[in-house]
Amino acid sequence: MFSRAILRHLSTKGPTGAADLARELGTDPNTARRTLQYLEDAGLVEADVPVGQRRGRTVTFTVQPERLEHLLTALKDYLLGR
């Protein structure tokens with residue numbers, strides 16, 4: 001459920017960092033970071049700083065609408081038996 005809140009926030013508000021997301025969505029920053037990592041691994045969000053270069057840096061995340069559309073289409077097809 002929190003993943004959906006992050007995806008919606010990034011889709012409607014634009015690129016945002018984990019700390020700002022946590023504050024705006026009312027959760028712990030570590031929860032936001034873990035969820036963003038999961039979404040990044042799934043290809044649904046993209047960070048402006050590569051994984052190996054993030055230590056001590058502010059990282060901004062952006063939703064990947066094409067990947068999101070692809071997964072939603074696949075889910076719709078599956079649910080409709082196509």
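Being surrounded by 10 or more Cβ atoms within 10 Å (Cβ to Cβ) and either in a loop (DSSP other than H, G, I, E, B) or over 14 Å from the mean Cα position of the chain (by Cα) (or both) is the filter here; which residues of the stretch 34-50 pass it?
A42, G43, L44, D48, V49, listed by residue number.
Condition (residue is modelled with pLDDT under 95, in a helix (DSSP H, G or I) and loosely packed, with under 13 Cβ neighbours inside 10 Å) applied to the stretch 25-33: is it met by at least one residue?
So far as the stretch 25-33 goes, yes, one or more of its residues are modelled with pLDDT under 95, in a helix (DSSP H, G or I) and loosely packed, with under 13 Cβ neighbours inside 10 Å.
Taking only pairs six or more apart or across chains, which ones have beta-carbon atoms under 7 Å, a first residue in the stretch 37-61 that is at positive phi, and a second residue that is part of a loop (DSSP other than H, G, I, E, B)?
G43/Q64
What single numbered condition from (1) of a type outside the set (A, V, I, L, M); (2) free of Cβ contacts under 8 Å to residues at least 24 places away in the same chain; (3) open to solvent by 40 Å² or more (accessible area, probe 1.4 Å) fails to hold for H9?
With respect to (1) of a type outside the set (A, V, I, L, M); (2) free of Cβ contacts under 8 Å to residues at least 24 places away in the same chain; (3) open to solvent by 40 Å² or more (accessible area, probe 1.4 Å), H9 is out only on (3).
Please state which of the following conditions A22 fails to meet, knowing it meets all the rest: (1) assigned to a helix (DSSP H, G or I); (2) open to solvent by 40 Å² or more (accessible area, probe 1.4 Å).
Every listed condition holds for A22 apart from (2).
The values are calculated or read from the model by the stated rules, or taken from the named source; none is laboratory data. What you are looking at is a predicted structure, and each value in this text was computed from that prediction instead of being measured. Note: ideal-geometry Cβ built from the backbone for every residue, glycine included; neighbour counts use all protein chains shown. Quick note on the areas: whole protein, heavy atoms, side chains included, nothing else; ligands and nucleic acids left out. Shrake-Rupley method; radii C 1.70, N 1.55, O 1.52, S 1.80 Å.
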